[in-house]
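A short write-up of the structure that comes next.
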Amino acid sequence: MRETITVQVGQCGNQIGNLFWQLLLLEHEKTPDTDDALSAYFRFEPSGKQGNFQTHAMKARALLIDMECGPLQETMKSPIGSLFDHTQYVMDVSGSGNNFAHGHYAYGPQYRSRFEEGLRKNAENCDSLQTFLVTHSLGGGTGSGVGTYVLSMLSDLFPKISRFSACVYPSEDNDVVTSPYNTVLAMKQLVEHADCVFPMDNSSLFNFSKLETANLNKVVASNAASSAINVKEPIVRIGRKDKGFDAINAVAARMLCNLTSSSRFHGEMNVDLNEIYTNLVPFPKLHFLMTALNIRHPLSVKDQINRQRAQNNQMAATTSSSKPPPRPKASDASRVALQRCFSDVFSSRGQITAGDPTAKGCVTLASAFLARGEASHVPLSDFLKCVTESTRKHLQFPHWNQDACKIGMCNTASPGDDVSVLAVYNSTAFSSVLAREHTSFSRLYRFD
């Protein structure tokens, strides 16, 4: 199993990273410590002895950076604080003041030696380091300035290791006056020093989380008279009050979990991060990949009872029969759920970036569809049929690459989902985001 080192930069990057680690712990709750799948994002170090046996503590392969001490101190005191030791924190007190230049040209060189030391220690604990994954935002000073400084530093120190950026673009109505400057200046660095960028948009994340919350409230309301089920969001909070960003950050964390699932679980059709980069980036600088997720639709009490009854009937039939159990087949409900997932990722409601690759005139250079779920819920034939029909109907590919589609299947479902689909597009629809940022920048910048 090849390792990935995660670098969390700034308040936004650390909040997304914290929820990402919590989801990883939830997904690997039943994974034995001896499983190689854990080594992709975790390592084990000796922590003492219990009798004649050596005990080990699980640590995350990560470096946490923020120029304000508040967010990282919250992480230290949270339930996931034990995942990190003191060498994995780099912090200051005053912050970057929402200023790209202050973060990139002041704090970056000032803390370079500590960045290098933290990255070196993480790299030394890897057997086959594959990727650096940087989570940050582009609207603030630390995420844009220090985050891109770390990327440029990685290109110097580890030129042969892939560098991926999961960055959050500010919404148009954000309250940071300098965010257009920070975003445009940071994008120059992303073009030069990142191998692959997964942009997310604040407004799209908000709309996505709003739809999921509405679906959850409908199910809770329909189950109000019944105590047979409690619908809960599978996110463990980190011991602080929800300041309104947890739902948004949870969407970003779930996208990263689906994106990295093939690196963490075994499977015959797994697609790791490097395969996505290899198949979806035809030219080096065209590496901004849009993502889309299916919206969660929690089951009502009635649906869960019907599903359990069908499973019991199937189990009884298998037990009473002397023949070997048949190959698992998808039920009608599973097929409908899979089709609904594809309907979401091909519509504007499922987009995590403020752009629609299915819009008229948009060309998709390449695409990937990554499904998660057991074979009984995501049969290969149904999955291929959905991919083929949906791409022909909704996407326009260039004439020199008409079959620009990569598929991947992870047989381990994410918590709370029977089936989920993540779509990744290298599409000209991203130009709408660039145009929006250019307009915001021009509104502030005075041309003489």
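The values are calculated or read from the model by the stated rules, or taken from the named source; none is laboratory data. None of the values given here were measured: they were computed from a predicted structure. Heads up, the Cβs are rebuilt from the backbone with ideal geometry, glycines too, and the neighbour counts pull from every protein chain shown. Note: accessible area is taken over every heavy atom of the protein model, side chains too, but ligands, DNA and RNA are not part of it. Shrake-Rupley method; radii C 1.70, N 1.55, O 1.52, S 1.80 Å.
So, in Å, what gap is there between the alpha-carbon centers of region 195-219 and region 253-296? Cα centroid of region 195-219 versus Cα centroid of region 253-296: 18 Å apart. Protein-only accessible surface at a 1.4 angstrom probe places the residues His297, His28 in the order His297, His28, largest first. Accessible area per residue (1.4 Å probe, heavy atoms of protein chains only) ranks Met269, Met290 as Met269, Met290, with the largest value leading. Close amide H partners of Met269, meaning residues 5 or more places away or on another chain with modelled amide H under 5 Å apart, are Met409.
Return the subset of Lys188/Lys285; Lys59/Lys160; Lys59/Lys121; Lys30/Lys59 for which the Cα-Cα distance in this structure is over 19 Å, preserving the input order. Correct reply: Lys59/Lys160. Backbone phi angles across region 349-354, fed through the Karplus curve with coefficients 6.51, -1.76 and 1.60 (θ = phi - 60°), yield HN-Hα couplings of 5, x, 6, 9, 10, 6 Hz in residue order; Gly and Pro are listed as x. Phi angles of region 18-31 translate, via the Karplus equation with coefficients 6.51, -1.76, 1.60 and θ = phi - 60°, into HN-Hα couplings of 4, 5, 4, 5, 5, 5, 4, 4, 5, 5, 9, 4, 9, 7 Hz per residue; Gly and Pro are given as x. Across region 173-193, the residues whose backbone nitrogen lies under 14 Å from the label position 7 Å along the beta-carbon direction of Phe206 are 173-176.
Database remark: amide H of Leu63 closer than 5 angstrom to the amide H of Thr6, Val7, Gln8 (H placed geometrically; neighbours at sequence offset of 5 or more, or on other chains; Pro and chain starts carry no H). Asp173 contributes an accessible area of around 130 Å² to the protein surface, as traced by a 1.4 Å probe with all chains present. Over region 98-202, Cα pairs under 8 Å with separation of 6+ residues give a relative contact order of 35 percent. Starting from the Kirkwood radius over alpha-carbon pairs of region 361-405, derive D by Stokes-Einstein at 25 °C in a medium of 0.890 mPa s and give it in µm² s⁻¹. Rounded to a whole number, D works out at 211 µm²/s.
Note on region 117-207: Kirkwood hydrodynamic radius from all Cα pairs is 13.8 Å, rounded to one decimal.
Classification of region 109-150 by its C-alpha gyration tensor yields an oblate form. The axis ratio a/c (a ≥ b ≥ c) is 1.5 or more, and b/c is at least a/b. Ordered from largest to smallest accessible area (heavy atoms of protein chains, 1.4 Å probe), the residues Arg112, Arg392, Arg254 come out as Arg392, Arg112, Arg254.
Once backbone amide H atoms are built at 1.01 Å from N, Lys406 has Ser367, Ala368, Phe369 as its partners under 5 Å, excluding neighbours fewer than 5 places away on the same chain. Taking all protein chains in place and a 1.4 Å probe, what share, in percent, of the accessible surface of region 338-443 do carbon and sulfur account for? Of the solvent-accessible surface of region 338-443, carbon and sulfur hold 50 percent. Given region 19-161, report the % of alpha carbon pairs whose separation exceeds 28 Å. Result: 23 percent of Cα pairs exceed 28 Å.
Using a probe of 1.4 Å on the protein chains alone, the accessible area found for Glu275 is around 60 Å². Accessible surface of Leu370, taken over heavy atoms with a 1.4 Å probe and every protein chain present, rounds to 10 Å². Quotient of the Cα radius of gyration of region 345-387 and 2.2 N^0.38 Å, N being its number of residues: 1.41.
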